[in-house]
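A.B. asks: Once you've had a glance at the structure underneath, I'll fire off some questions.
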Amino acid sequence: MKFHLHVGVIETSDEATLTEVLAITKLEARVLLKLAPNVVIMEREDAQEALEELQRRGLHPKVSR
Amino acid sequence: MKLAGQSQGYRNGELDLLSVLEVVIAQKPRVLKGGLPNLSFFKAANEALLEPDDASEGVGFWQVEFWLALARGAGLLRNADGKLEPTAAADEFFALGFEERCKRLRDAWLDCSELNELAFVPEIELPGLKRARTVDAVSDVPQPSRVAAMRRAVVKLLVELKGETSLAAFVALCEKSARDVLVNHSDDASWRHVFYRGIRELGGSEDLERAGNWSKVEGGFIRALCELPLLRLGYIAYDAKARTLEPLEEPSPAFTAEVVVQPNHEVVMLGEWPDPAVVWRLARFSEPTPARRVRKYLLDKKRFAEALGRGHGAEELIELLSKLSRTPLPQNVKYSLSDWGEHTESIRIWPDALLIEAEGVEDLETALARPLLEKLAPAKIGAHRVCAAPDPAALRALMPPRRPLFDYSRALPRVMRPARGLTLDAPRETLHFRARQVLALLTRQEGADRFTLDAAQVAQAARALGAKEMRARLEGALAEELSPQLSLALRSWSGEFGSVFVGQAELLVCDETEQAMALALQPEFNTWVEKQLSTTAFLLRAGAGEKVRAFLKQLGANTVRGSLKKGPSA
C-alpha cells in the first residue's frame, strides 16, 4: 500500500458524470491518474479549482474536508 | 435563591450565543489582523441579540465580543483560511444537555484569556491595554491570569450572598476578600503603588490614584461581570436599574417553539424558547437570518450540500425537518431537498485528501491498523481509502511501518532513470502519481518497471500541455539527466526541433569574410541562396550553382570545386 498525502480526489456516480465534470472545469489535462472510470486524482490546487468552478455554475458537490 | 424568570438565566444567554454563531454561518466573516471580524459582522451580530448594545455608549459591541471570545475558547469557532467558521465541536456541543452546555461555557469563560472585562467598564479607559488585548508590562492593567483569578474569586463569593443584595454590598464583600486579586495593592512603599498605572477615568489625562478608587476600578470590573457574564451564564439574577443581584437557580427549561416550513423554502421558528440543539441543527443546513425573537432559515442548495459534506444524509435531514415542522412538508420543498441531495451525492470532492492506495490484491480492511481506520474513518473508493488530509505527524504515528508516504505539498522524490535507447526505468514500488502521470502521458509499458517513449503519445501530450511543460514534467521525475537520445526523440516528436535536411546540396564558401559580406549584399545573389550557414558559407538553391558561377565570373571572382584551397579556376 502507498500513502498519498495532500492530493485532490474527485469521485462521481458514473463515468459520464466525471467526463462532464472534467469538461466543465477544463482540467482533463491536469489529471494525475484515473484511479477508476469514475475517480480521478489531481493536485489539490486543481481539485480546489474544479470545486470553485462547479460552485460558480450552481452545482454544489459533496465536499469532504 | 431566585428561580430563572423570563429574561434571566443561561437559556437567554445561549440564544444570544446562537445568534452570534448564526451570523458567523451566514457571513463567514474574514478575520482581520487584530484577530476579530470586521465591523459589519459586529453590527449584524449585535442586531441579532435579545438586548443589543448601543455602540455610542462607549464600550462598543461588548456582548458580541464576549460571545465570540467564549465560542473560540470553547472551540466552537475556528479561523479557517482567514475566515471564521463553526467547528465539528460546535455540533457536539449543541448535542449535549442543557446543564452540560451551561457548564462547558462557564468553564470556557473562567479560563478565557481573550477577554478583559475591565475594558468594558464605561467610566474608565485603559491606555495601558494595547491592541489585541495585550498588556503593557509597566501598567497595572491586569494580565489574563489575574483576570481569570478575579473571575473565580467573584464566582466563589456568590455563594455567600443571602438573597437579594445590592451591588455596592457585593463589591464591599469582594474588596474584603479579594482586594489584591485583580491588581496587587500590597504596599511596598514605592511610587508604583500610588496610581493605577495605565488606568484612567474616561477623558482623564492622568492615571487614577489608588486611594479611594478600588470600587471604581475593581468595583467597575465586578459590575461588568454582573451585567454580562454572571447574568448570561446563569450565575445570578441581576437588576441593572436597581443594581441588585441574587444567586440564581435554573432548572432545565421546557423549550416551546414550533417550526413552519413554507413553500418558498423559508423555515420560520415561532415561539420564545426554541431548543438551541434543534435550532443549531437547522442552522447548519440552511441560511440563517438571525433576528432576535423571530428566527428564519432559508433552505439553500449550497448549505444543504455543505451539510452532506459533513457526513449527514439527505434523507436524514429531510426527516429532521419533517419532524420539526408542525405541518407536513410542502411537496415542492421535499422534492427540492431530495433533488439537491441526489445532485450533490453524484459528485464528491476531497480538495485536500489522504489517499491510501491498495496495490494488487491487498485488502486494506485487514492490512490497515484499527486505530487508523477508527481515527481517520477513510471512505472506500474501490479497493482504496480516502479521507480529509490529517496532520502528517499524526498520520505517521498511525501508519504501518516501512510504507511509502508521498506528501504532494512538497517536491516528491525523482524515481525514474533513463535506460538504454528510448526506455526509462521506473520501479513500481517507488512510483507516485506525478511520475505515473508522466509515464501515462509519454510512454508505453514494456515490462513491470520498464517504459518506452512513444512518438504518438509525446506529440499528443505536447499539443495538450505545450512542449516545454511536457519536458519539464519528465525532467522533474528523472533522477538523472535525459540521455541525448531520449532528449532528441522527445524534442523532435514534441515539435521543438524542426525537420533535418539530409541530401546533396551545393555550397558557396568564401575565404574572406569581407568577400562574403559583399556577396550577401547583392540582391541578385540572394535569390540563389537557400540559407546563409555562417559568415562565409551559403547553402545554394537546387540548380543555382551554374548561375552563381557565371555571376561571380562577371565580377572577376574565381570559383573552385571540391576543395577550399586556392587552385585552378573552374
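The values are calculated or read from the model by the stated rules, or taken from the named source; none is laboratory data. Nothing here was measured: the structure is a model prediction, and the numbers come from that model. A quick note on method: Cβ atoms are made from the backbone with ideal geometry, for glycine too, and the neighbour counts reach across all protein chains shown.
A.B. asks: In this structure, is B:Arg223 among the charged types (D, E, K, R) and more than 14 Å from B:Cys174 (Cα to Cα)?
C.D. replies: When the stated conditions are applied, B:Arg223 does not pass them.
A.B. asks: Could I ask something else about it? Answer yes or no as to whether B:Pro427 is in contact with an Asp or Glu (Cβ under 8 Å, 6 or more places away or on another chain) and within 14 Å of chain A (Cβ to nearest Cβ).
C.D. replies: So B:Pro427 fits the description; yes.
A.B. asks: When you check B:Ala178 against the structure, is it touching a helix residue (DSSP H, G or I) at 6+ places or on another chain (Cβ under 9 Å), touching a residue at least 24 places away in the same chain (Cβ under 8 Å) and either buried (at least 21 other Cβ atoms within 10 Å of the Cβ) or among the basic types (Lys, Arg) (or both), yes or no?
C.D. replies: So B:Ala178 does not fit the description; no.
A.B. asks: With the structure loaded, tell me whether B:Leu488 is modelled with pLDDT of 90 or more and under 30 Å from B:Glu357 (Cα atoms) or whether it fails that test.
C.D. replies: no
A.B. asks: May I ask you to list the residues in the range B:436-454 that are away from every other protein chain (no Cβ under 14 Å) and surrounded by 14 or more Cβ atoms within 10 Å (Cβ to Cβ)?
C.D. replies: Hits for the range B:436-454 are B:Thr443, B:Asp449, B:Arg450, B:Phe451, B:Thr452, B:Leu453, B:Asp454.
A.B. asks: A follow-up question, please. State all residues of the range B:463-487 that are part of a helix (DSSP H, G or I) and within 16 Å of B:Met416 (Cβ to Cβ); if no residue qualifies, say none.
C.D. replies: In the first step, residues of the range B:463-487 are kept if they are part of a helix (DSSP H, G or I); the result is B:463-465, B:467-477, B:484-487.
Within the range B:463-487, B:Met470, B:Arg471, B:Ala472, B:Arg473, B:Leu474, B:Glu475, B:Gly476, B:Ala477, B:Gln485, B:Leu486, B:Ser487 qualify.
A quick yes/no check of all residues on (1) in a loop (DSSP other than H, G, I, E, B); (2) small (Gly, Ala, Ser); (3) touching a strand residue (DSSP E or B) at 6+ places or on another chain (Cβ under 7 Å):
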position: B:Ala489; (1), (2), (3): no, yes, yes
position: B:Ser492; (1), (2), (3): no, yes, no
position: B:Phe501; (1), (2), (3): yes, no, no
position: B:Gln515; (1), (2), (3): no, no, no
position: B:Phe525; (1), (2), (3): no, no, no
position: B:Phe538; (1), (2), (3): no, no, yes
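A.B. asks: Separate question: When the range B:365-382 is examined, which residues are found to be more than 30 Å from A:His60 (Cβ to Cβ) and aliphatic (A, V, I, L, M)?
C.D. replies: Within the range B:365-382, B:Ala367, B:Leu368, B:Ala369, B:Leu372 meet the criteria.
A.B. asks: Take the range B:321-351 and flag every residue that is over 30 Å from A:Val7 (Cα atoms), touching a residue at least 12 places away in the same chain (Cβ under 8 Å) and out of contact with any Leu (no Cβ under 8 Å at 6 or more places or on another chain).
C.D. replies: B:Ser325, B:Arg326, B:Thr327, B:Pro330, B:Asn332, B:Lys334, B:Ser338
This table checks each residue for (1) closer than 30 Å to B:Ala419 by Cα; (2) within 60 Å of the chain's Cα centre (by Cα); (3) surrounded by 13 or more Cβ atoms within 10 Å (Cβ to Cβ).
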residue: B:Arg473; (1), (2), (3): yes, yes, yes
residue: B:Ser499; (1), (2), (3): yes, yes, no
residue: B:Ala520; (1), (2), (3): no, no, yes
residue: B:Gln554; (1), (2), (3): no, no, no
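A.B. asks: Please specify each residue of the range B:389-446 satisfying the condition of being of a type in the set (Gly, Ala, Ser) and on the phi > 0 side of the Ramachandran plot.
C.D. replies: Within the range B:389-446, B:Gly421 is the sole residue that qualifies.
A.B. asks: Which one of B:Glu306, B:Glu319 is under 25 Å from the mean Cα position of the chain (by Cα) and within 27 Å of B:Leu15 (Cβ to Cβ)?
C.D. replies: So the residue among B:Glu306, B:Glu319 that is under 25 Å from the mean Cα position of the chain (by Cα) and within 27 Å of B:Leu15 (Cβ to Cβ) is B:Glu306.
A.B. asks: Give B:Leu308, B:Leu299, B:Leu270 a once-over and let me know the one that is over 22 Å from B:Leu96 (Cβ atoms) and at pLDDT 95 or above.
C.D. replies: B:Leu299
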